[in-house]
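Reviewing the structure listed below.
Values in this text are rule-based calculations from the coordinates and carry no lab data. Quick caveat: nothing in here was measured; it's all calculated off a predicted structure. Positions of Cβ are generated from backbone atoms using ideal geometry, with glycine treated the same way; all protein chains shown enter the neighbour counts.
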Amino acid sequence: MAQKDYKLWLQYNQKTDVELVSKYLSDVQGIVSLGNSETSKIASNELKLGLQNMLGGKFEIKSKSDSDKTVIISSQALLSPEIKKEIGSFDQLNEEGFIIKSISLKGKNQIIITGKKDIGVLYGVYSFLRLVQTNKSIKNLNIVDAPKTNIRILNHWDNLDRTVERGYAGFSLWNWQKLPDFIDQRYIDYARANASIGINGTVLTNVNANALILTPQYLEKVEALANVFRPYGIKVYLTARFSAPIEIGGLKTADPKDADVANWWKNKAKEIYKRIPDFGGFLVKANSEGQPGPQNYGRDHVDGANMLADAVAPFGGVIMWRAFVYSEHDANDRAKQAYAEFVPYDGKFKDNVIVQVKNGAIDFQPREPFHPMFGAMPKTPLMMEFQITQEYLGFSTHLVFLPKLFQEVLESDTYQKGKGTTVAKVIDGTITKTKLTGIAGVSNIGNDLNWTGHPFAQANWYGFGRLAWNPNLDSEVIADEWLRCTFSNDENFIKPVKEMLLDSREAVVNYMTPFGLHHIMDTGHHYGPGPWVSNLSRPEWNPVYYHKADKNGIGFDRSKTGTNATAQYAPEVEKIFDNLETCPEKDLLWFHHVSWDYKLKNGQTLWNGLALKYEEGVNQVKNMQNVWNKSEQFVDAERFKEVQMLLEIQYKEAKWWRDACLLYFQQYSGKELPAGVEKPTQSLDYFQSLKFPFAPGN
Ligand code: BDP
């Protein structure tokens, strides 16, 4: 039964609706594959597997198109002139795009799946199968699709000892001990799952990097993984520890301006590319949270990134340089620091550098306004960094549909070049016209049987991939697709469960951090509430730094009267956030310190409104439980039970969040809980006494 979980969204369930099956069979009965590459074999086998499982019968793979009702899969080059003529222009496609077209040739009806390259054909096959998976028509097809970003990549925060930083789904998939000789079937299944949603890169190692990965002993293992992933269109990348020239190279310095250092990296790149000709490049966390970097030598981010860029440029490699920086020596509002440090470098990075920016200015909170850097570096390729693993959103025990969060960020208007300059348009290059574009997602994958710990966390991996392909996709469409492919096409299941998914993000915001509150999780592991924590060495590691509750009110004043972080946004956005009256209530306490008696738009005081939001969050989880309990008949027993148990934990923890936060904040507001909010059953002392020394992922 664990099989079901393992298969992710590629269940290919046998269709039981006879009419529907015969409809499909009236369009497709055979497969013709013209190519011979490994990728085209993967494509034809996948098509065969999917069609056989879903429609029954045999779908032989032939190499010639002489019969009616076949799906012909082929790269552009191998198509016959007649078919090419039917397809028309390939101009709108990039190297990874595809065309799916129904044609009629010499009285025979065929469906052509094609692209400039085999990888496009493979993506086309998955897209075609998705139509059948989701019960869509395959008549008169005319689909042209291509990814809107170049780098669609998972960031694994996996350590060489197989622990995963912020990982809640077991240990790392990469079994370094047994590599390179033992190829776990999971590597292949991982690549297949990623290819099915268009992910084309993977950073194998933690951003808090270990230089050993760059030694021959490990590169041999990396090479073995790259060989597995290659036919699925997935490039391998590694994290580069900036001090590697010292640690494994025997040099005295890692100064990017030192000729020996630059040479060391050039040789290292040469060595890697000899093994892995399509190696993607390096992801670098430098001078952030104790990681070494160019500033250790009085140099800056540009010096560091460009030195590495020179090393990989001859081989077509890229450097993804992270902007997640804040310093213990900087007394400035943490939310302002990355912008302050990076914006002056706009236009100074080499062409093969892309700056990787988290979606918000603090750190992957349940809700953050979009990072101001997205509106401020028109001459620099910026890539999005989302977190798929739920470090701050209940680990792998809480059901939270993240595409909703991702979409909210991507749709935000930066006003960089006037109205409509959304974050999506910045990162897909529409606005900035940068050639290098990308989206990264910090992976939630581990060696748990079901990959992601929570069966519904698979939806976040899926949704990330779909949005990386097309940042304008609607999260409702993603939820719909995922549910149909993963569970069932039954409308009585889809409708309520889709609503549950779409509500789940707002639920977690409500029971953890409503009205723009942030970073009030218990420190270190970030499990559960810890708004009271105030004893850590660095001020910005303490939740009290972020909520600033006192007898006058609550919230971080980032307006003109405070840290003026609002000034980092374009004037149109600044104006909205800066003014208490126009600031969206969902971001209120992110930008303003507001009195407990402040009147919200619905007429309630802030204190009452806050308490009611916490209560609402809890009720939303209760509602999720009700919805799930009604879907038993549509789901296999194992997944049904798993999700049921997990929702029960989520419900308990939502109440824990509500009670702990309200009791704590009540000390400052000095007010009673409003009607409709359940009375806490434990004391604040009790909540403060809870300790979790072995919380995972830390
Ligand atoms: C924070 C995590 C930490 C990461 C860091 C990063 O708590 O484990 O190393 O971000 O992104 O969210 O570098």
Dipole axis of segment 239-347 (+1 Lys, Arg; -1 Asp, Glu on Cβ), positive-most option in Ile276, Phe342, Thr253: Ile276
Contact order relative to length of segment 66-157, as percent, for alpha carbon pairs under 8 angstrom and 6 or more apart: 33 percent
Farthest positive-ward along segment 423-488 dipole, Cα basis, beta-carbon charges - from Pro471, Asn460, Ser443: Pro471
Ranked packing of 207-218, 531-542, most packed first, by mean Cβ within 10 Å: 207-218, 531-542
Sorted by Cβ density within 10 Å, fewest first, the residues Thr389, Thr523, Thr114: Thr523, Thr114, Thr389
Neighbourhood charge, 12 Å Cβ-Cβ cut-off, centred on Arg538 and excluding it, Lys, Arg +1 and Asp, Glu -1: -3
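If contacts are Cα pairs under 8 angstrom and at least 6 residues apart, what is the relative contact order of the chain in percent? Could the numbers behind the result be given before it?
Values: 1389 pairs, mean separation 79.4, N = 698.
Rounded, it is 11 percent for the chain.
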Relative contact order %, segment 151-486, counting alpha carbon pairs below 8 Å whose residues are six or more apart: 19 percent
Long-range amide H partners of Leu8 with built H, under 5 Å: none
Counted charge near Lys551, where neighbours are those whose Cβ lies closer than 15 Å (Asp, Glu -1; Lys, Arg +1): 0
Nitroxide proxy distance, nm - points 7 Å out along Cα→Cβ at Ser327 and Lys560: 2.9 nm
Per-q log10 I(q)/I(0), segment 93-194, q = 0.12, 0.14 Å⁻¹ (Debye; single scatterer per alpha-carbon; no solvent): -0.61, -0.75
The chain - share of DSSP beta bridges that are antiparallel (%, nearest 5): 30 percent
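Could you tell me what percent of the DSSP beta bridges with both partners in segment 151-486 are antiparallel, to the nearest 5?
5 percent
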Cα extents of segment 12-145 along the three principal axes, largest first (Å): 40, 31, 25
Square roots of 5 times each gyration tensor eigenvalue, C-alpha, the chain, largest first, Å: 42, 33, 23
Interchain or long-range residues, amide H under 5 Å from Ile72's placed H: Val32, Ile111, Ile112, Ile113
Taking Leu8, Leu449 and counting other C-beta atoms within 10 Å, the order from fewest to most: Leu449, Leu8
Estimated vicinal HN-Hα couplings, Hz - segment 210-223 in sequence order (Karplus 6.51, -1.76, 1.60; Gly, Pro = x): 10, 5, 4, 4, 8, 8, x, 3, 8, 4, 4, 6, 4, 4
Spatially proximal lysines relative to Lys266 (Cα-Cα < 26 Å; intrachain offsets below 8 disregarded): Lys221, Lys235, Lys252, Lys257, Lys274, Lys285, Lys348, Lys350, Lys435
Stokes-Einstein translational diffusion, segment 151-486 - Kirkwood Rh over all Cα pairs, 0.692 mPa s, 37 °C, in µm²/s: 164 µm²/s
Under 14 Å from Lys148, Cα to Cα: aspartates and glutamates that are on another chain or at least 8 residues apart: Glu95, Glu96, Asp428
Residue-wise HN-Hα coupling along segment 189-202, computed from phi with Karplus coefficients 6.51, -1.76, 1.60 (Hz; x: Gly, Pro): 5, 5, 4, 4, 4, 5, 4, 5, 10, x, 6, 10, x, 8
Folded to 0 to 90 degrees: helix 606-629 orientation relative to the chain principal axis, Cα: 30 degrees
Residues of type aspartates and glutamates that Lys41 reaches as a straight line, Cα spacing below 12 Å, ignoring anything fewer than 8 places off in the same chain: Asp118
Backbone HN-Hα couplings from phi across segment 417-424 [Karplus 6.51/-1.76/1.60, Hz, Gly and Pro as x]: 10, x, 4, x, 7, 6, 4, 4
Burial order of peptide ranges 165-177, 81-93 (average beta-carbon count within 10 Å, highest first): 165-177, 81-93
Relative intensity, log₁₀ I(q)/I(0), of segment 560-698 from a Debye sum that treats every alpha carbon as a point, q = 0.13 Å⁻¹: -0.80
Unsatisfied cross-links (Cα-Cα over 18 Å) in the set Lys419/Lys575; Lys69/Lys139; Lys23/Lys85: Lys23/Lys85
Fewest-first sequence of Ile576, Ile445, Ile151 by Cβ atoms within 10 Å of each Cβ: Ile576, Ile151, Ile445
